[in-house]
1. Mind checking which residues of the range 143-159 are assigned to a loop (DSSP other than H, G, I, E, B) and charged (D, E, K, R)?
2. What are the residues in the range 116-147 that are over 24 Å from LEU192 (Cβ atoms) and in contact (Cβ under 8 Å) with a residue 40 or more places away in the chain, if any?
3. Please go through the range 76-89 and pick out each residue that is surrounded by 13 or more Cβ atoms within 10 Å (Cβ to Cβ) and not basic (Lys, Arg).
4. Out of (1) in a strand (DSSP E or B); (2) under 14 Å from the mean Cα position of the chain (by Cα); (3) modelled with pLDDT of 95 or more, what's the single condition that is false for LEU181?
5. Pick from the range 125-140 the residues that are open to solvent by less than 30 Å² (accessible area, probe 1.4 Å) and either touching an Asp or Glu at 6+ places or on another chain (Cβ under 6 Å) or modelled with pLDDT under 95 (or both): which of them is nearest to LEU70 (Cα to Cα)?
6. What is the number of the single condition among (1) acidic (Asp, Glu); (2) more than 30 Å from THR22 (Cα to Cα); (3) part of a loop (DSSP other than H, G, I, E, B); (4) free of Cβ contacts under 8 Å to residues at least 60 places away in the same chain that ASP162 does not meet?
7. Which residue is farthest from the chain's Cα centre (by Cα), if the candidates are limited to the range 90-124 and must be surrounded by fewer than 18 Cβ atoms within 10 Å (Cβ to Cβ) and part of a strand (DSSP E or B)?
8. With respect to LEU140, is the statement that it is touching a Phe, Trp or Tyr at 6+ places or on another chain (Cβ under 8 Å) and assigned to a helix (DSSP H, G or I) true?
Amino acid sequence: MPNNAPPHKPNQAKPEILKRATVARSRLFRADEIHLRFSNGEERTYEKLCSGGPGAVLIVPLLDENTVLLVREYAAGLEDYHLALPKGAIDQGESLLEAANRELKEEVGYGARHLQFLKRINLSPSYMEHGINIVLAWGLYPERLEGDEPEPIEVVPYPLKDMLELIMRPDVCEGRSIAALFMAREWLAGKLPLEASQEATDD
């Protein structure tokens, strides 16, 4: 099948940042206003949410080659419970894979002997700086660390063969988890090329 994607323009000039200022700040978020001049002379002002800290991880935990573990927890944005993959912030001084294993132990009650970084994805590139790192975890063993969740998290095993059924459920609505599940399935099938493999073994 021909690839109809437009060619990437690595040498395309980025817009010039003429002015940047913080216009709002809360306990969790900072919003900046950025005045840009594009290469054709056009000028525009954008607002964006800025990230803070070392970043975040989202983990695809494989209990076995056919079973993924999800978590059901309350989402303030939805004002309801939803089913998604475990995730969390990277602490200062932690590597990406160390954070993934810690979050896995806190939220799911398992550690992983093998961790594979798949890809960093952005949440909404038009106005958010935030991104998240997708990590595949397998070779699981029981181990629980105390986390900061306000209530116990329900862990839900789900067969990967029913993934399409899973993503069509009304309580599965987080785009990051859906993207990660598809990437994990393709990696398991040997169809996902990784430019820079970052596998760690925790024995």
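The values are calculated or read from the model by the stated rules, or taken from the named source; none is laboratory data. Computed from a predicted model, the values in this text were never measured in an experiment. Glycine gets a Cβ as well: all are built from the backbone with ideal geometry, and neighbour counts include every protein chain shown. The area values use the complete protein model at the heavy-atom level, side chains included, leaving out ligands, DNA and RNA. Shrake-Rupley method; radii C 1.70, N 1.55, O 1.52, S 1.80 Å.
1. Result: GLU143, ARG144, GLU146, ASP148, GLU149, GLU151.
2. Applying the first criterion (over 24 Å from LEU192 (Cβ atoms)) to the range 116-147 yields 126-129, 141-147.
Scanning the range 116-147 gives TYR127, MET128, GLU129, LEU145, GLU146, GLY147.
3. Scanning the range 76-89 gives HIS82, LEU83, ALA84, LEU85, PRO86, GLY88, ALA89.
4. Every listed condition holds for LEU181 apart from (1).
5. Only one residue tops the list, namely ILE132.
6. (3)
7. Per the stated criteria, the residue is ARG113.
8. So LEU140 fails the test.
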